[in-house]
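Chemist: Handing you this structure, nothing more for now.
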């Protein structure tokens with residue numbers, strides 16, 4: 001079988017999705033509402049999601065490793081959430097005033113992650129990271145923010161820098177030059193080079209914002225000492241450490257990754273999981289920093305840091321979904337046992353398989369997060385975003401599409417996967433078996449063997 | 001009765017809210033998750049919202065003119081929305097893939113407002129305005145954005161300029177100087193002065209972003225010729241007109257205010273109403289501009305404008321609520337007849353009353369939006385945000401608090417009010433009667449009479 005056949009297979013089974021994609025294109029630029037949701041030839045259209053699967057409009061049912069942008073740690077529509085959302089919907093979706101579920105969610109987060117001495121809920125992660133760096137600048141009086149090459153902190157103008165390869169080029173047109181002039185990029189997992197860059201800007205360095213596990217850029221864990229080295233640098237230089245935990249918060253354990261890596265960030269962000277499948281973001285941090293956002297007793301504009309909020313921040317629907325999710329996670333430590341076990345199993349079985357098939361691949365990840373990378377002459381090991389960008393992404397894409405087309409297994413092509421509590425061991429074995437068949441039966445893949 | 005008594009009255013009836021506010025303060029800076037949701041001595045805590053009312057944790061039931069930041073045109077939890085949300089919750093809250101309700105909502109918007117040739121959904125209005133100006137810069141290759149003094153376009157770093165009095169001061173600390181250097185502010189309703197400013201920056205002017213009705217800054221309608229004059233200027237100078245219709249879209253009629261004022265913006269934003277009470281934002285515009293956001297067939301970074309999206313953009317829950325809301329509005333033109341009638345009634349009855357009471361006040365607004373302003377020696381007429389800032393806001397605040405404390409009528413203090421389809425004529429008469437009693441019975445108010 002040729003790789004082209006998978007595209008044909010995909011088209012044959014997603015006829016209605018294709019029709020609706022062309023209808024979408026009449027309204028939405030590119031036919032989608034998030035750039036990464038597009039893949040060639042067109043993305044399928046989901047009509048139902050439950051537990052570990054997505055069902056498309058043509059009736060295909062996919063094992064879902066995308067999991068709502070990795071937000072749905074309990075899987076799609078778990079009963080504990082749907083039941084409580086239904087109740088809340090009757091009581092209102094948007095009070096526009098303080099409400100109790102927000103206090104309960106805030107208190108749960110604070111108890112689970114004591115670094116969250118203060119919390120401000122926003123509606124998206126992109127807002128949370130924007131507010132995080134605003135607070136860092138407000139606190140330090142400095143301007144420069146260091147970020148990691150390939151680090152993803154949302155679409156806000158402040159941090160839309162060095163996200164995609166080639167990293168030195170602007171992230172598209174329409175960003176004024178000056179939005180990037182106070183952003184400096186460093187290479188993930190290369191402490192020496194990172195410190196050299198940081199040293200050169202330390203006098204004006206407000207902080208470093210970093211995902212403890214590089215997420216969108218390729219599911220890359222930090223090498224020992226890297227994050228600690230950055231932390232040491234900022235503490236020494238009156239700058240701040242900002243951990244972007246939008247993906248990792250409550251993902252590895254009923255805490256944030258800052259606990260796993262024993263870090264003490266001044267500010268950190270949360271999102272995804274804490275919203276229980278509804279829109280959320282949060283900026284959290286030390287009391288004296290978060291206190292800058294308190295405008296209630298301040299009159300002069302130069303005494304506070306103005307951050308949102310927004311019309312939908314802390315709305316009772318999101319707050320209820322988030323609170324019930326965290327409460328469930330707290331009560332059921334088996335969730336983490338299970339999803340971390342599934343992640344370990346997937347990584348080891350995939351490694352074994354690729355070894356056996358004589359295909360050079362690296363499976364990165366930790367806990368329930370994992371991603372497959374195909375290596376080549378340029379890339380022998382995945383340490384940073386550049387390695388991912390230069391690895392064999394054409395093969396990865398074709399593999400992902402083959403999984404969707406023939407085996408009803410959905411990763412958003414080129415993106416990392418996540419296990420939810422709704423996944424089972426069988427899902428791993430199905431992935432392994434599908435992978436084996438794809439590589440054994442597809443002619444064009446043969447030339448990638450060692 | 002003295003004005004201080006209203007504060008005591010408020011405290012007496014909101015004891016549990018007070019307790020929870022102090023609990024909130026332990027977690028959230030200022031005890032809230034949106035700066036404007038705080039008012040002195042503390043905001044009450046809502047436990048239920050239905051139709052035209054909010055119920056607080058102490059059991060008080062308020063007529064709600066705040067209406068979820070003016071988003072809930074059908075009132076809180078209308079059956080047509082709750083019914084369909086319950087169904088959708090079972091089918092999933094966050095597919096992370098394209099879905100049908102988003103196409104249906106997009107098509108409805110496009111049909112109602114043909115200027116929306118292309119649409120991109122975001123999760124918040126703050127994101128939508130940020131993307132709007134990024135697109136304007138991408139399209140024109142120019143950098144400067146003109147905005148109105150007091151104009152509110154969300155908490156994004158790009159547009160957080162000249163929002164609060166004194167307008168020339170930075171909006172708090174932590175915004176780097178350069179974020180504001182490409183923003184130029186103009187005075188609402190003063191075409192001559194505005195054109196003079198615009199003329200001085202026209203070579204680098206990417207566009208003007210403006211709320212057709214100045215919303216957060218005081219519910220001020222444009223004088224004849226003002227918006228048209230701005231539009232004429234941008235069309236002549238290869239700049240763009242960006243209408244921020246997050247408040248006004250689908251508010252005056254089953255269209256946007258651009259229809260009411262016969263404008264032809266290149267880009268406009270929507271939010272609030274189109275989400276049916278769930279988080280949403282949208283940037284809409286001419287095909288050739290929105291097309292810049294299409295990255296599906298582009299490889300080089302300098303060929304597209306990178307905008308979100310976001311994890312929660314076009315999620316099926318919001319899309320369902322929005323679609324069902326617009327469909328209801330389309331089918332039931334009586335909604336607009338009713339809410340516009342109530343707005344007219346409130347404006348005329350309040351004017352009559354203040355006249356009778358010999359109190360200098362101006363009731364601004366249009367359709368279902370209205371706001372009371374108390375005038376003074378400095379301000380005899382409300383034309384722009386500065387007039388609102390310099391009007392008698394102390395009196396307005398005390399009046400708003402009295403309404404809450406004694407008469408169970410809720411405006412977010414100092415903010416405009418909105419009618420929803422769930423309001424009735426009785427709500428207007430209750431407001432009138434309460435207003436009469438407050439001013440007739442309160443000693444401290446007496447000295448404000450003419």
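Chemist: Going by the conditions given, is residue A:25 over 27 Å from residue A:423 (Cα atoms), assigned to a helix (DSSP H, G or I), modelled with pLDDT of 95 or more and assigned by TED's automatic domain parsing to the domain that holds residue A:402?
Modeler: yes
Chemist: Then there is this: Considering the stretch A:261-277 alone, what residues qualify as being within 14 Å of chain B (Cβ to nearest Cβ) and more than 17 Å from the chain's Cα centre (by Cα)?
Modeler: A:266, A:267
Chemist: Do you know which of the residues in the stretch A:122-152 that are part of a loop (DSSP other than H, G, I, E, B) and surrounded by fewer than 24 Cβ atoms within 10 Å (Cβ to Cβ) is nearest to the other protein chains (Cβ to nearest Cβ)?
Modeler: So the residue we want is A:143.
Chemist: Within the stretch A:160-173, identify whether any single residue is within 11 Å of chain B (Cβ to nearest Cβ), crowded, with 18+ Cβ neighbours inside 10 Å and under 26 Å from residue B:37 (Cβ atoms), and answer yes or no.
Modeler: Within the stretch A:160-173, not a single residue is within 11 Å of chain B (Cβ to nearest Cβ), crowded, with 18+ Cβ neighbours inside 10 Å and under 26 Å from residue B:37 (Cβ atoms).
Chemist: Considering only residues of the stretch B:35-55 that are in contact with a strand residue (DSSP E or B) (Cβ under 9 Å, 6 or more places away or on another chain) and part of a loop (DSSP other than H, G, I, E, B), which is farthest from the other protein chains (Cβ to nearest Cβ)?
Modeler: Only one residue fits best here, namely B:52.
Chemist: Sort out for me the helices (runs of 4 or more DSSP H) sitting completely within the stretch B:164-242 that have 3 or more residues that are modelled with pLDDT of 95 or more, more than 22 Å from residue B:115 (Cα to Cα) and touching a helix residue (DSSP H, G or I) at 6+ places or on another chain (Cβ under 8 Å).
Modeler: B:191-201
Chemist: Taking the conditions exactly as written (within 9 Å of chain A (Cβ to nearest Cβ) and closer than 16 Å to residue B:151 by Cβ), does residue B:280 satisfy them or not?
Modeler: In short, no.
Chemist: Let me ask something else about it. Which of the following residues is more than 18 Å from the chain's Cα centre (by Cα), closer than 25 Å to residue B:222 by Cβ and surrounded by fewer than 21 Cβ atoms within 10 Å (Cβ to Cβ): B:356, B:349?
Modeler: B:349
Chemist: Sticking with this structure for a sec: Answer yes or no as to whether residue A:308 is under 22 Å from the mean Cα position of the chain (by Cα) and modelled with pLDDT under 95.
Modeler: Against the criterion (under 22 Å from the mean Cα position of the chain (by Cα) and modelled with pLDDT under 95), residue A:308 qualifies.
Chemist: Would you check which residues across the stretch A:384-402 are crowded, with 20+ Cβ neighbours inside 10 Å and part of a helix (DSSP H, G or I) and list them?
Modeler: A:385, A:386, A:387, A:388, A:395, A:396, A:398, A:399, A:400, A:401, A:402
Chemist: From B:81, B:119, B:103, which residue is at pLDDT 95 or above, at the interface with another protein chain (Cβ under 7 Å from one of its Cβ atoms) and either assigned to a helix (DSSP H, G or I) or over 26 Å from the mean Cα position of the chain (by Cα) (or both)?
Modeler: Among B:81, B:119, B:103, only B:103 is at pLDDT 95 or above, at the interface with another protein chain (Cβ under 7 Å from one of its Cβ atoms) and either assigned to a helix (DSSP H, G or I) or over 26 Å from the mean Cα position of the chain (by Cα) (or both).
Chemist: Go through the stretch A:300-309 and give me each residue that's at the interface with another protein chain (Cβ under 7 Å from one of its Cβ atoms) and either surrounded by fewer than 23 Cβ atoms within 10 Å (Cβ to Cβ) or not in a loop (DSSP other than H, G, I, E, B) (or both).
Modeler: A:301, A:302, A:305
Chemist: Quick test for you: out of B:416, B:371, pick the one residue that is within 24 Å of residue B:50 (Cβ to Cβ) and surrounded by 21 or more Cβ atoms within 10 Å (Cβ to Cβ).
Modeler: B:416
Quick grid of which residues meet (1) within 13 Å of chain B (Cβ to nearest Cβ); (2) assigned to a helix (DSSP H, G or I):
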residue: A:259; (1), (2): no, yes
residue: A:290; (1), (2): yes, yes
residue: A:298; (1), (2): yes, no
residue: A:312; (1), (2): yes, no
residue: A:318; (1), (2): yes, yes
residue: A:325; (1), (2): yes, yes
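Chemist: Return the only residue of B:149, B:201 being closer than 19 Å to residue A:174 by Cβ and in contact with a strand residue (DSSP E or B) (Cβ under 7 Å, 6 or more places away or on another chain).
Modeler: The conditions single out B:201.
Chemist: Also: Any residue at all in the stretch B:178-187 that is within 22 Å of residue B:289 (Cα to Cα) and free of Cβ contacts under 8 Å to residues at least 40 places away in the same chain?
Modeler: Yes, the conditions are met somewhere in the stretch B:178-187.
Chemist: Also: Could you look through the stretch B:56-78, keep only residues that are under 20 Å from residue B:402 (Cα atoms) and crowded, with 21+ Cβ neighbours inside 10 Å, and pick out the one that is nearest to the other protein chains (Cβ to nearest Cβ)?
Modeler: Only one residue tops the list, namely B:66.
The values are calculated or read from the model by the stated rules, or taken from the named source; none is laboratory data. What you see is a predicted model; the values in this text were computed from it and never measured. Here the Cβ is made from the backbone with ideal geometry for all residues, glycine too, and neighbour counts use every protein chain on show.
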